[in-house]
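Encoded as structure tokens, the structure appears first; notes follow it.
Taken together, the values in this text are just the output of simple stated rules run on the coordinates, not laboratory data. None of the values given here were measured: they were computed from a predicted structure. Cβ atoms come from the backbone with ideal geometry, glycine included; neighbour counts cover every protein chain shown.
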């Protein structure tokens with residue numbers, strides 16, 4: 001059964017998650033799923049790189065938080081949607097499976 005899979009990636013190149021995320025996308029596409037990847041915070045660094053640019057050719061949709069991209073000096077890429085938090089909310093609202101790959105949350109001890 002076809003699913004709508006949404007992946008939110010907020011970790012940048014320093015974490016080297018890109019290839020693993022791309023593999024997950026290819027696996028989902030091969031299973032007949034629709035995949036939408038949203039890049040936000042430092043994740044926008046992947047917008048101009050393979051493997052993400054080639055994911056569009058494979059059938060995935062890629063969106064980038066325009067504000068975060070502008071803040072980090074990432075230029076627009078053809079066929080990659082420059083989007084907003086509203087777009088992310090719509091992606092999440094219409095997905096069957098949601099994967100979020102993010103920075104670890106710092107734990108603050110209470111005093």
- Additional length obtainable on full extension of the chain from residue 48 to residue 3, 0.36 nm per residue less Cα span: 13.5 nm
- Query: Once both labels are modelled 7 Å past Cα along the beta-carbon direction, what's the residue 71-residue 85 spacing in nm?
  - Reply: 1.0
- Set the Förster distance to 30 Å, then compute FRET efficiency between residue 15 and residue 93 from the Cβ-Cβ distance, nearest 0.05. 0.65
- Where does each of 82, 46 land when they are ranked from fewest to most other beta-carbon atoms within 10 angstrom? 82, 46
- Each label sits 7 Å from Cα toward the beta-carbon; between residue 56 and residue 100 the label points are separated, in nm, by 2.7
- Note on the structure: Relative contact order as a percentage, the chain, C-alpha pairs under 8 Å and 6+ apart, gives 34
- Message: Using Cβ contacts closer than 10 Å as the measure, can you line up 72, 79 from fewest to most?
- Response: 79, 72
- Expected sort for 26, 36 with the fewest Cβ neighbours (10 Å cutoff) up front is 26, 36
- Message: Tell me the mean residue ellipticity at 222 nm calculated for the chain from its helices only (DSSP H runs of n ≥ 4, each -39500 (n - 2.57), averaged over every residue, nearest 500).
- Response: -9000 deg cm²/dmol
